[in-house]
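Student: There's a structure below that I have some questions on.
Read-outs: derived from the displayed coordinates by stated rules, not from any lab. All values reported here derive from a predicted model rather than from experimental measurement. Here the Cβ is made from the backbone with ideal geometry for all residues, glycine too, and neighbour counts use every protein chain on show.
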Amino acid sequence: MSEINEKSVSFTPPSDEDEGAKLVSLEHWTNDRMKLLGWRPFIGTLAMNLELIPVVDHRCATASTDGKRIFFNPHFLNSLSEDERLTILAHEIWHCGLSHFMREHGRMEDHKMWNHAIDHEVNSLLEDDGFKIPEGAILYQPYKGESAETVFDLIKKGTIEMRGECLDDHGSPVPGEDGDSEAGNDGTDGWSTVEEDAEGNLTAKVDSDFRPRRSDDVWKEWKNKMMAAAQQCSNRGIDLGNYKTHLDGLFESKMHWKEILRQFLTPMFNSVRKWLPPNRRHVYKKMYLPSIRKEKQLNIVIAIDTSGSTTGEIVKTFVSEVYGILNSFGGYQLRLIQCDWNINEDVIYDMDNPFIPEKFQLLGGGGTDFCPVFDLISEDDEAPEVVLYLTDGFGGAPKNEPHYPVIWGVIEGGVKPAKWGESIDIMLG
């Protein structure tokens, strides 16, 4: 499509024909949801938590969810078979259940890669459960069953070549990165939401019913919804089948410690990066393109228990993982403190002086006392956003909880050394 300036775009509400299509599509998906309750009770139960809202809006070419509602283009939905509609409905539910939009934190600059990775994870689950995956949808068969994070890393490394189409709209928060739904060859978007006249002027439809409100709190509620649905099915003697292994891992918090660490850290970046109002020049592409403003530099402290129970390799892995998370956001200071009975090293890393695992040396080897680290931090004028303390937990910790967050990274076989603070189990394997 040729480049269009801002004056060439006009906005209009849905037509009478659009409103009629909305009624038809809503009836389709309401009936499909009832069918899911009988055919796949677990998915059907979860579907009842989401309001179905048909919209004819240039920002929603296919379907999308904000965790409380599923918005969908009726012209798109009415073009699908019943099996395909069931798949799209279940697809949106699993995006919620797997907290995909929370898990994107730190990967927003690679938004399209993440879209492919999460669609692969969902489509893999659905195909194994007997859903019909539309031809051309994203599913990397050699990596079937792998997590979105694993597939994302493989895509970014070039091991997996991105191919296939997303089954829904995930939004496009990164400037310059287009959405996955391509415009039609005739100058429209293909689903009656953007139209072009003979002079090249665009008319984009805006539906007042399209009001997504995404919040991390909404996604956090989905773990409880998943547990309740699983318990309800269990009480009725319904076999969860292929989902059981995945759900067991979710409910027993057997997620890899790296992902748990990421989920602890990424909410802290909300105070560092602010999304500014979108630029309306790009609406004809079905994109809202916000700019980013860094409010301040993030101050993180990693403390290492060097009493002899903590090995150099796990320290390198732990610090490298934190560094990778910080580096994906930019604007940080990483302070690394090594301590046994006493402080053995206190070094500051940032984007100009990055942490290099190959050059790291573990210092110390005596007994364990956690107090010197907290005493050292108390001398600073500004408290850190968080202290990450890697340890086996066998040592004396301060009785009083500090006024900043503390996360104990407890290595395999260790214990949490204090009643206060959060903890993550660090497996050595």
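Student: Using 11 Å as the cut-off for backbone N distance, which residues of segment 388-429 belong to the label zone defined by a point 7 Å from the Cα of Glu313 along Cα→Cβ?
Tutor: 428-429
Student: Please report how far the C-alpha centroid of segment 190-223 lies from that of segment 328-392, rounded to the nearest whole angstrom.
Tutor: 46 Å
Student: Do any of Lys132/Lys157; Lys223/Lys244; Lys156/Lys223; Lys35/Lys223 go past 18 Å between their Cα atoms, and which? Numbers along the way, then the final one.
Tutor: On the way: Lys132/Lys157 30 Å; Lys223/Lys244 14 Å; Lys156/Lys223 28 Å; Lys35/Lys223 24 Å.
In this structure, Lys132/Lys157; Lys156/Lys223; Lys35/Lys223 exceed 18 Å between Cα atoms.
Student: Going from the alpha-carbon gyration tensor of segment 6-255, what semi-axes, largest first and in whole Å, does one get by taking the root of 5 times each eigenvalue? List each step's numbers first, then the result.
Tutor: Values: eigenvalues 187, 99, 51 Å².
Output for segment 6-255: semi-axes of 31, 22, 16 Å.
Student: What are the ³J(HN,Hα) values, in whole Hz, obtained from phi via the Karplus relation 6.51 cos²θ - 1.76 cosθ + 1.60 with θ = phi - 60°, for each residue of segment 155-168 in sequence order, with x given for Gly and Pro?
Tutor: 5, 5, 6, x, 5, 10, 8, 4, 8, x, 10, 5, 7, 8
Student: For Leu80, Leu23, Leu265, what's the fewest-to-most ordering of other Cβ within 10 Å of each Cβ?
Tutor: Numbers: Leu80 16, Leu23 11, Leu265 23.
Ranked by crowding around the Cβ, least crowded first: Leu23, Leu80, Leu265.
Student: Of His170, His91, how do they rank once you tally other Cβ atoms within 10 Å and put the fewest first?
Tutor: Going from sparsest to densest Cβ surroundings: His170, His91.
Student: Computed over the Cα atoms, what is the radius of gyration of segment 297-426 divided by 2.2 N^0.38 Å, N being its residue count? Before the final figure, lay out the partial values.
Tutor: On the way: Rg = 13.6 Å, N = 130, 2.2 N^0.38 = 14.0 Å.
Relative to the rule-of-thumb radius for its length, segment 297-426 sits at 0.97.
Student: Straight-line reach from Lys419: which aspartates and glutamates have Cα under 19 Å away, leaving out those fewer than 8 places along the same chain?
Tutor: Asp305, Asp369, Asp375, Asp392, Glu401
Student: Over segment 1-113, what is the relative contact order in whole percent, taking alpha-carbon pairs under 8 Å and six or more residues apart? Can you show the working numbers first?
Tutor: On the way: 104 pairs, mean separation 26.7, N = 113.
Reported as a whole number, the value is 24 percent.
Student: Return the sequence-ordered ³J(HN,Hα) values of segment 23-40 in whole Hz as given by the Karplus equation 6.51 cos²θ - 1.76 cosθ + 1.60 applied to θ = phi - 60°, using x for Gly and Pro.
Tutor: 5, 5, 5, 5, 5, 4, 6, 5, 5, 4, 5, 5, 5, 4, 4, x, 7, 9
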